[in-house]
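Visitor: The structure under discussion is supplied below as structure tokens; questions concerning it will follow.
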Amino acid sequence: MLQKVYDWVDERLDITPLWRDVADHEVPEHVNPAHHFSAFVYCFGGLTFFITVIQILSGMFLAMYYAPDIVNAWESVYYLQNQVAFGVIVRGMHHWGASLVIVMMFLHTLRVFFQGAYKKPRELNWVVGVLIFGVMLGLGFTGYLLPWDMKAVFATKVGIQIAETIPVIGPIAKTFLSSGEIIGAQTLTRFFAIHVFFLPAALLALMGAHFIMIRKQGISGPL
Amino acid sequence: MHRGKGMKFVGDSRVPAERKPNVPKDYSEYPGKTEAFWPNFLLKEWMVGAVFLIGYLILTVSHESPLERKADPTDAGYIPLPDWYFLFLYQLLKYKYAAGDYVLIGTIVIPGLAFGALLLAPWLDRSPERRPSRRPVATGLMLLALISITYLTWESVVTHDWNKAAQQGKIITSKVDKKDPGYEIFKGQSCIGCHGSELSGGSGPSLIGTGLKPEEIMKIARKGRGAMPANAFKGNDADLKKLATFISKQKK
Amino acid sequence: MSKEDISRRQFLNYTLTGVGGFMAAGVLMPMVRFAIDPVLAKEANQDMVAVTEVAKIGDEPKRFNFKIKQKDGWYESEVTLSAWVYKNGKGEINALSPVCKHLGCTIDWNTDPGHPNQFYCPCHGGRYTKDGTNVKGTPPLAPLDVYESKVKDGKLYLGKAKPRKGA
């Protein structure tokens, strides 16, 4: 039955070559931990992707309970953490995952840097990777405000004040980020939108480009 | 693959009618110690992922994600702290040449140079050499950056008063009666700035469960104590009496 | 392609599916349980609320409003509900929910001139007899919900509206 459905689609869209290319591609010896234990350094990128998937999933589920509004935000987080079954775990996954994704990405960046894997012909992929790093930090910064607890608001205040010191565009950047004079209701909705729509969209696009380039160029050779 | 003249397509589409058989490459086609991505290599990756996931789940189960009390933007006594991966930037701004008149160095110049250099690394380090030891400048600069980040983060962690911060952020369950006339006076005077809107303290100590009599509190409000200046209370004695009674009523 | 080769690949495929399944389950199980929590949650108890004095209840259904405290997740509020209350022939008090069983409009008593002494729903012309039984041939398929009720110290207390069996 499944085979028939697959054949029907394949006849019309020729999907076999697409995934066979991914499935059958040759993985070289030097990245294989079965041959060289030191090859574990090549895992960091994959693990970053794995946590990113977990972050997207847990974020989607958290949004079922979260209310981005200064009256209800804290109450809803408190409720989902303390009243809803497994709430403490799902929020924990998102909270600790946010830190782990930074750690893993940092290690992945260091691996690529010290191996000189960013050199010709992989310059573009390195640039995309650094942009992903920036987007991740942006996700961390905007996500920190969402529970609307003490540290959230005050850390955001500091962050926005830092942005304000930039010459010329500083004050505009401040008003744009906080959506007004104070860190309040409009800041929260704005950060929420940036955190769940704008940055994830940018992240997915960049990650797509990252993976296509890896597939196209293959992994860098042994040192 | 057959191309060009005589090529047959599926209907009016561009998909060739001749289908590629869905058979995996034979293992003999992988030379040396290379192997197929699916399933051989992916299995190894996923095994690492599974072990990682177990550790990760243990972390989430054993460490509840922190939630401080609901934000009170008027609480000026709170010591702010960003998430740990921004700590080094935050610490950088505490130094003389990265703050005050030089704040641009701390906020724009140094982070901008670091991020710009990272972004443009392929064009700054153009030699075809890949071994870290053969490109000492790049390696050295990265190590220097790593050491600085570690040092700054470390400094930030040891100088932060974690106990006080935990105290300030605690979720308070005992609610202060905000309809009490004493609270109105508490709010109207400057008390709230240091002792917090929940009387739980800020830059000043907590006023809940002080164990002091109203008379003693009146004296402190007039004459000060410790870091609290004299004449912090400005107003008549009747109001002061109400305030002091209100504060001495607050039990833990 | 040797026979041995195929079995090795199959073995790896099965293991891969197993490990992948473990990871998917480990990640998704807490999240799915989290999402379906409202489905599995026990129905919250609702306190009985004093609605009116028994003396004010007559034979004719009369509408009484009363307020309950509603807890909806993190949001607590006071909601005004209403009930059609009357005494039946045996002197028992009947409190009917005003929510039409068809599509949830609010019914009214005796407002359809063609059918006096019936509950009438203006949305689609649903009708119920005085005891709340739905009139056959009109849209509703079930009788009106009945409030849990008790009388204490001469006052009527109402609890939750519960569906009745039968048609």
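Visitor: Among the residues of region B:27-37 satisfying the criterion of being surrounded by fewer than 10 Cβ atoms within 10 Å (Cβ to Cβ) and more than 7 Å from every other protein chain (Cβ to nearest Cβ), which is nearest to the chain's Cα centre (by Cα)? Talk me through it step by step, then tell me what you get.
Guide: Filtering region B:27-37 for residues surrounded by fewer than 10 Cβ atoms within 10 Å (Cβ to Cβ) gives B:28, B:31-32.
Those still in the list that are more than 7 Å from every other protein chain (Cβ to nearest Cβ) too: B:28, B:31.
Working: B:Ser28: 51, B:Pro31: 48 Å.
That would be B:Pro31.
Visitor: Could you check, for region B:6-26, whether at least one of its residues is in a helix (DSSP H, G or I), among the acidic types (Asp, Glu), more than 8 Å from chain A (Cβ to nearest Cβ) and surrounded by fewer than 19 Cβ atoms within 10 Å (Cβ to Cβ)?
Guide: no
Visitor: Identify all residues within region C:73-107 that are outside any loop (DSSP other than H, G, I, E, B) and closer than 30 Å to C:Asp37 by Cβ; write none if there are none.
Guide: Residues satisfying the conditions are C:Tyr75, C:Glu76, C:Ser77, C:Glu78, C:Val79, C:Thr80, C:Leu81, C:Val99.
Visitor: Moving to a separate point now. Condition (residue is in contact (Cβ under 8 Å) with a residue 12 or more places away in the chain, crowded, with 16+ Cβ neighbours inside 10 Å and more than 8 Å from chain A (Cβ to nearest Cβ)) applied to region B:38-54: is it met by at least one residue?
Guide: There is no residue in region B:38-54 that is in contact (Cβ under 8 Å) with a residue 12 or more places away in the chain, crowded, with 16+ Cβ neighbours inside 10 Å and more than 8 Å from chain A (Cβ to nearest Cβ).
Visitor: Looking at (1) surrounded by 14 or more Cβ atoms within 10 Å (Cβ to Cβ); (2) touching a helix residue (DSSP H, G or I) at 6+ places or on another chain (Cβ under 9 Å); (3) in a loop (DSSP other than H, G, I, E, B); (4) touching a residue at least 40 places away in the same chain (Cβ under 8 Å), which is the only condition B:Ile172 fails?
Guide: For B:Ile172, the failing item is (2).
Visitor: Further question on the same structure: I need every pair where a residue in region A:89-115 that is basic (Lys, Arg) has its Cβ under 7 Å from the Cβ of a residue that is not in a helix (DSSP H, G or I), sequence separation at least 6 or different chains.
Guide: Qualifying pairs under 7 Å: A:Arg91/B:Ser65.
Visitor: Let me ask something additional. Just name the residue that is surrounded by the most Cβ atoms within 10 Å (Cβ to Cβ) out of those in region A:55-71 that are of a type in the set (A, V, I, L, M, F, W, C) and within 14 Å of A:Gly143 (Cβ to Cβ).
Guide: A:Leu62
Visitor: Can you name every residue in region C:74-107 that is in contact (Cβ under 8 Å) with a residue 24 or more places away in the chain and among the charged types (D, E, K, R)?
Guide: C:Lys87, C:Lys101
Visitor: Which one of these does A:Met60 not meet: (1) of a type in the set (A, V, I, L, M, F, W, C); (2) over 22 Å from A:Leu188 (Cβ atoms); (3) modelled with pLDDT of 95 or more; (4) touching a helix residue (DSSP H, G or I) at 6+ places or on another chain (Cβ under 9 Å)?
Guide: Failed condition: (2).
Visitor: Here's another thing I want to ask about it. For region B:73-97, name all the residues that are within 12 Å of B:Gly169 (Cβ to Cβ) and either modelled with pLDDT under 85 or more than 7 Å from every other protein chain (Cβ to nearest Cβ) (or both). Can you show your working first?
Guide: Looking only at region B:73-97, we keep the residues that are within 12 Å of B:Gly169 (Cβ to Cβ), and these are B:75, B:77-81.
B:Asp75, B:Gly77, B:Ile79 - these are the residues of region B:73-97 that are within 12 Å of B:Gly169 (Cβ to Cβ) and either modelled with pLDDT under 85 or more than 7 Å from every other protein chain (Cβ to nearest Cβ) (or both).
Visitor: Among the candidates A:Gly143, A:Gly134, which residue alone is modelled with pLDDT of 95 or more and buried (at least 21 other Cβ atoms within 10 Å of the Cβ)?
Guide: Within the list A:Gly143, A:Gly134, the selection yields A:Gly143.
Visitor: Something else: State whether one or more residues within region C:62-72 are part of a loop (DSSP other than H, G, I, E, B), out of contact with any Gly (no Cβ under 7 Å at 6 or more places or on another chain) and either surrounded by 14 or more Cβ atoms within 10 Å (Cβ to Cβ) or among the polar types (S, T, N, Q) (or both).
Guide: no
Visitor: Now, a different point. For region B:202-226, name all the residues that are buried (at least 16 other Cβ atoms within 10 Å of the Cβ) and over 12 Å from B:Leu243 (Cβ atoms).
Guide: Within region B:202-226, B:Gly202, B:Ser203, B:Gly204, B:Pro205, B:Ser206, B:Ile208, B:Thr210 qualify.
Visitor: Follow-up. If B:Ser174 satisfies every condition in (1) out of contact with any Asp or Glu (no Cβ under 8 Å at 6 or more places or on another chain); (2) modelled with pLDDT of 75 or more but one, which is the exception?
Guide: Going through (1) out of contact with any Asp or Glu (no Cβ under 8 Å at 6 or more places or on another chain); (2) modelled with pLDDT of 75 or more one by one, B:Ser174 breaks only (2).
Visitor: With respect to C:Thr52, is the statement that it is away from every other protein chain (no Cβ under 14 Å), part of a strand (DSSP E or B) and at pLDDT below 90 true?
Guide: Taking the combined requirement at face value, the residue satisfies it.
Visitor: For region A:68-187, which fully contained helices (runs of 4 or more DSSP H) count at least 2 residues that are facing chain B (nearest Cβ under 8 Å) and over 23 Å from the mean Cα position of the chain (by Cα)?
Guide: Filter on region A:68-187 gives A:73-82, A:150-164.
Visitor: What pairs come up if the first residue lies in region B:92-121 and is under 13 Å from B:Leu141 (Cβ atoms), the second is part of a helix (DSSP H, G or I) and among the aliphatic types (A, V, I, L, M), and their beta carbons are under 6 Å apart, counting only those six or more places apart or on different chains?
Guide: Close Cβ pairs (under 6 Å, with a partner that is part of a helix (DSSP H, G or I) and among the aliphatic types (A, V, I, L, M)) amount to B:Leu118/A:Val130.
Visitor: While we're looking at this one, here's another question. Given the conditions (1) among the hydroxyl-bearing types (Ser, Thr, Tyr); (2) surrounded by 15 or more Cβ atoms within 10 Å (Cβ to Cβ); (3) at pLDDT 90 or above, report the number of the one that B:Tyr151 does not fulfil.
Guide: (2)
Visitor: Quick one: is B:Ser197 in contact (Cβ under 8 Å) with a residue 60 or more places away in the chain, part of a loop (DSSP other than H, G, I, E, B) and among the hydroxyl-bearing types (Ser, Thr, Tyr)?
Guide: For B:Ser197, the condition - in contact (Cβ under 8 Å) with a residue 60 or more places away in the chain, part of a loop (DSSP other than H, G, I, E, B) and among the hydroxyl-bearing types (Ser, Thr, Tyr) - is met.
Visitor: Sticking with this one: Quick check on this structure: which one of B:Thr34, B:Thr60 is modelled with pLDDT of 90 or more and in contact with an Asp or Glu (Cβ under 6 Å, 6 or more places away or on another chain)?
Guide: After ruling out the rest, the residue left standing is B:Thr34.
Visitor: Of everything in region A:1-19 that's at the interface with chain B (Cβ under 7 Å from one of its Cβ atoms) and touching a Lys or Arg at 6+ places or on another chain (Cβ under 9 Å), which residue is farthest from B:Leu53 (Cα to Cα)?
Guide: That would be A:Glu11.
The values are calculated or read from the model by the stated rules, or taken from the named source; none is laboratory data. Just so it is clear, the structure is predicted and the values come from calculations on it, not from any experiment. Positions of Cβ are backbone-derived with ideal geometry, glycine not excepted, and every protein chain shown enters the neighbour counts.
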